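The values are calculated or read from the model by the stated rules, or taken from the named source; none is laboratory data. Please read these numbers as outputs of a predicted model, since none were measured by experiment. Virtual Cβ from ideal backbone geometry, glycine too; neighbours counted across all protein chains shown. For the accessible areas, the whole protein counts, side chains as well, though only heavy atoms, and no ligand, DNA or RNA atoms are used. Shrake-Rupley method; radii C 1.70, N 1.55, O 1.52, S 1.80 Å.
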Amino acid sequence: MKSGARTCLLVLGALLAVWAAPARADWTTYHADAGRSGVDQSSASTPLPFAAEWTSPNLGANVYAEPLVYHGLVIVATEGNDVYALNETTGQVVWHMSAGTPVPSGKLPCGDITPTVGITSTPVVDPATGTLYVVADQWDGSHAHHTLIAYSATTGAQLFTKNVDPAGAIPENQLQRPALNLSGGHVLIGFGGNDGDCASYWGWLVSVAEDGSSTSAWQALTDKGDAIWGSSGPAVDGAGAVYVATGNGSSTYNGSSAFDYGDSVLKFASAAAVAPGSPSDYFAPADWMSLNSGDADLGSSGPVLLPGNLAFQDGKGSTGYLLSTASLGHLGGQLYQASTGCASFGGDAYANGIIYVACASGGTLALALNTTSPGHPTFSQLWRGPADANGSPIIAGGRVWVPSFSDGVLYGLDPQTGAVDVKQSTPAMEHFTSPAASDGRLLLATGPTVEAYTVAAAVANQTLTVTEAGTGAGAVQGDKAPTLVCPGACSQTYPSGTAVTLTEAPASRSAFAGWSGGGCSGTASTCTVTLSADVHVIATFTSTEGKPTVSGASLSGVARGKAKLTFTVHAGSRAPALRSIVVSLPAGLSFERKGLGRGLTVTGANGKRARFTTKLGHGVLTIALRSAQRSVRIALHGRALSVSRKLAREARHKPRRTLRFVVKATDADGSTTRLPLKLRA
């Protein structure tokens, strides 16, 4: 047997062994969900006796990324640009792919990752398509390049590659450390600088369509700094909005006092809105200049999203901030702030009213969130963990799990008291390491290996699916992690017995018409589903406005070679007013550019002439209104229209011939409606 065929059979056999196992829960992104809660939903809350389960083979290079779990596979990416899928039960390699030659550390201006820089960020899996996305730092022999690579998560088959270095970036100076995330069919990628802040680097947020078809990027400034580098990466809320935190900005280096989005939390309305220009919203502490000058990055950790439209942010400066995601507040606009005594690096976690903060020194910090006073949330210290518990925490199997990457220890802490329930020696780990968890099993990257531990019993899981129906549009969001949000992640898996409250939010020009299926009914804004089996809920939205209409259309004079066309366009009921009208003519009629000045009139609903501009190209006339109108009457006289001899002759001999026109109306919100006309010549 040829070796290639034997390898394929071995991989197929390993995959069959995985697929034959019972259905498993997944951990497909950093800290389990897009909001970065760090909560494992697939393990029972009552711990089992802690036990080492398996150690993976040596993977050839160190692992900075958090392991992922998908369909019984543990997916691990290394600084050697290798991607491995391990059997979740045994730790054996199921498939392995090389993501290209990693960058020799000596080719970079500074940094602390050695001997090569490959895949540093945590990848992400789209559970809807089974596609794994990684960003590899590749060396072509003379230059570095950051490449997004898409794989089949189950087989390792490469689907596509795409260079994601933004225009103007210097790849050797940029480190792609933040975890990837997904929003609205896009992969989100953050960039910062190498350790040491040497050379010219910039904070970039890049958004790439999941099929690789398009890329857009936002650059924090035109000078040096504003790194997006916290290892937890962008957070995404239920509506698809994106939140990132930045490090010190250009004023650190050039003494500028102009605000530059350094040491800030930035919001982008969607992944599609990640583009040149300002973010849709931002927050920066009032002392942002002091943070800049002191290199006290707010963005040394990423935002964690909390219930009730809240977000928590801490950083090197040891101050925690509660922010409203509905309005971040700009400079000094936090809802609450307090000293934490915790310089936070990596990623925080949240469960059951407690924020667990990753602290570089002094041990994990647990903060009790208080939201009893509407609009005035606060937090207070609940406990501190062991002094060397300096990794990024998660919650699984009834405990808070925190690595000590400095001392090679894994701690299991009581969520309410911080008491040490488990202290396990481990191989060496990399900075800011965070474990993952699934099906009662904890997974920890330890240098070039992965350790697996039994921490709890796996629980039965049920799937909740939401479908949207009707003539309107809207969104539906669940209140439990992993967050169900539709459109988007319209299906999520939860432990049996979980109660998920769904909340509807109609889009502009739509209304919620009611729930159906899964025990939901009526038109209340929320419906709570308790999962004892797979459940399918339908949310129906109806349009609240009429479409634009056309009336009073007439065509005359074609047979005489002097055509006159008139029609009136009306805005839809409860819809925005009209901003432009586009007219396309049938064969035999054409616009006369020189005659448009006198041969075209536009009259508003008040009977007065409306002001407008015209654009004529490729036989299509665009009439742009200077001010929006509820209705406009368009009249194109003989001066503006030309009739071919053939059409005039046909109109004389066939006076009932039908001509087809196309009118398009665009309203003030940019919505365009096609209004076909059939007129007899």
Q. Which one of the conditions (1) of a type outside the set (A, V, I, L, M, F, W, C); (2) without any contact (Cβ under 8 Å) to a residue 12 or more places away in the chain; (3) under 21 Å from Gly238 (Cα atoms) does Gly522 fail to meet, given that it meets all the rest?
A. (3)
Q: Working only within the stretch 613-659, note down all residues that are farther than 16 Å from Gly588 by Cβ, among the β-branched types (Val, Ile, Thr) and touching a residue at least 40 places away in the same chain (Cβ under 8 Å).
A: Thr622, Ile623, Val632, Ile634
**Q.** Unmet criterion (only one of (1) in contact (Cβ under 8 Å) with a residue 12 or more places away in the chain; (2) more than 24 Å from Ser37 (Cβ to Cβ); (3) aliphatic (A, V, I, L, M)) for Ala258
**A.** (1)
Q | Segments classed as strands (runs of 3 or more DSSP E), wholly inside the stretch 399-490, with at least 2 members that are under 25 Å from Ala511 (Cα atoms) and of a type in the set (S, T, N, Q) | A | 461-469
Q.
Can you confirm whether Thr161 is open to solvent by 10 Å² or more (accessible area, probe 1.4 Å), assigned to a strand (DSSP E or B), hydroxyl-bearing (Ser, Thr, Tyr) and under 23 Å from Thr114 (Cα atoms)?
A. no
**Q.** Thr622, sole failed condition from (1) under 28 Å from Arg656 (Cβ atoms); (2) surrounded by 15 or more Cβ atoms within 10 Å (Cβ to Cβ)
**A.** (1)
Q: Take the residues in the stretch 424-438 that are touching a residue at least 24 places away in the same chain (Cβ under 8 Å) and open to solvent by 20 Å² or more (accessible area, probe 1.4 Å), then tell me which one is farthest from Thr120 (Cα to Cα).
A: Gln424
**Q.** Residues satisfying the stated conditions in the stretch 510-523, i.e. open to solvent by 50 Å² or more (accessible area, probe 1.4 Å) and not small (Gly, Ala, Ser)
**A.** Thr523
Q: Filter the stretch 477-509 down to residues that are within 17 Å of Val39 (Cα to Cα), hydroxyl-bearing (Ser, Thr, Tyr) and either open to solvent by 40 Å² or more (accessible area, probe 1.4 Å) or without any contact (Cβ under 8 Å) to a residue 24 or more places away in the chain (or both), then give me how many there are.
A: 3
Q) In this structure, does Thr542 turn out to be over 47 Å from the mean Cα position of the chain (by Cα) and either outside any loop (DSSP other than H, G, I, E, B) or more than 18 Å from Lys678 (Cα to Cα) (or both)? A) no
**Q.** Complete set of residues in the stretch 71-83 that are in contact with a Gly (Cβ under 9 Å, 6 or more places away or on another chain) and crowded, with 23+ Cβ neighbours inside 10 Å
**A.** Val74, Ala77, Thr78, Glu79, Asn81, Val83
**Q.** Residue check for Val135: of a type in the set (A, V, I, L, M), in contact with a Leu (Cβ under 8 Å, 6 or more places away or on another chain) and over 21 Å from His431 (Cβ atoms)
**A.** no
Q. Of everything in the stretch 91-114 that's closer than 30 Å to Ala489 by Cα and either of a type in the set (D, E, K, R) or out of contact with any Leu (no Cβ under 9 Å at 6 or more places or on another chain) (or both), which residue is surrounded by the most Cβ atoms within 10 Å (Cβ to Cβ)?
A. Ala99
Q | Which listed residue, of Thr122, Thr131, Thr161, Thr114, is more than 30 Å from Leu442 (Cβ to Cβ) and modelled with pLDDT of 95 or more | A | Thr161
Q: Output the residues belonging to the stretch 558-575 that are hydroxyl-bearing (Ser, Thr, Tyr) and either open to solvent by less than 10 Å² (accessible area, probe 1.4 Å) or outside any loop (DSSP other than H, G, I, E, B) (or both).
A: Thr566, Thr568
(Q) Among the residues of the stretch 115-133, what is the count of those that are under 15 Å from the mean Cα position of the chain (by Cα), assigned to a loop (DSSP other than H, G, I, E, B) and surrounded by fewer than 23 Cβ atoms within 10 Å (Cβ to Cβ)? (A) 2
Q) Out of all the residues in the stretch 439-474, which are surrounded by fewer than 22 Cβ atoms within 10 Å (Cβ to Cβ), under 23 Å from the mean Cα position of the chain (by Cα) and among the aliphatic types (A, V, I, L, M)? A) Ala473
Q) Pairs under 8 Å by beta carbon, first residue more than 30 Å from Gly588 (Cβ to Cβ) and among the charged types (D, E, K, R) in the stretch 666-681, partner modelled with pLDDT of 90 or more and open to solvent by 30 Å² or more (accessible area, probe 1.4 Å), six or more apart or different chains? A) Asp667/Arg579; Asp667/Ala628
Q | Residue list for the stretch 525-535, filter: open to solvent by 40 Å² or more (accessible area, probe 1.4 Å) and closer than 23 Å to Asp237 by Cβ | A | Ser525, Thr526, Thr528
Q) Would it be correct to say that Thr501 is within 30 Å of Tyr84 (Cα to Cα), within 25 Å of the chain's Cα centre (by Cα) and not basic (Lys, Arg)? A) no
Q: Could you name every one of the strands (runs of 3 or more DSSP E) located completely within the stretch 35-82 that has at least 2 residues being among the hydroxyl-bearing types (Ser, Thr, Tyr)?
A: 43-55
**Q.** strands (runs of 3 or more DSSP E) wholly inside the stretch 172-254 containing at least 1 residues that are surrounded by 24 or more Cβ atoms within 10 Å (Cβ to Cβ)
**A.** 181-183, 186-193, 204-209, 242-245
Q. Name the strands (runs of 3 or more DSSP E) wholly within the stretch 312-372 that hold at least 3 residues that are of a type in the set (Ser, Thr, Tyr) and within 27 Å of the chain's Cα centre (by Cα)?
A. 319-324
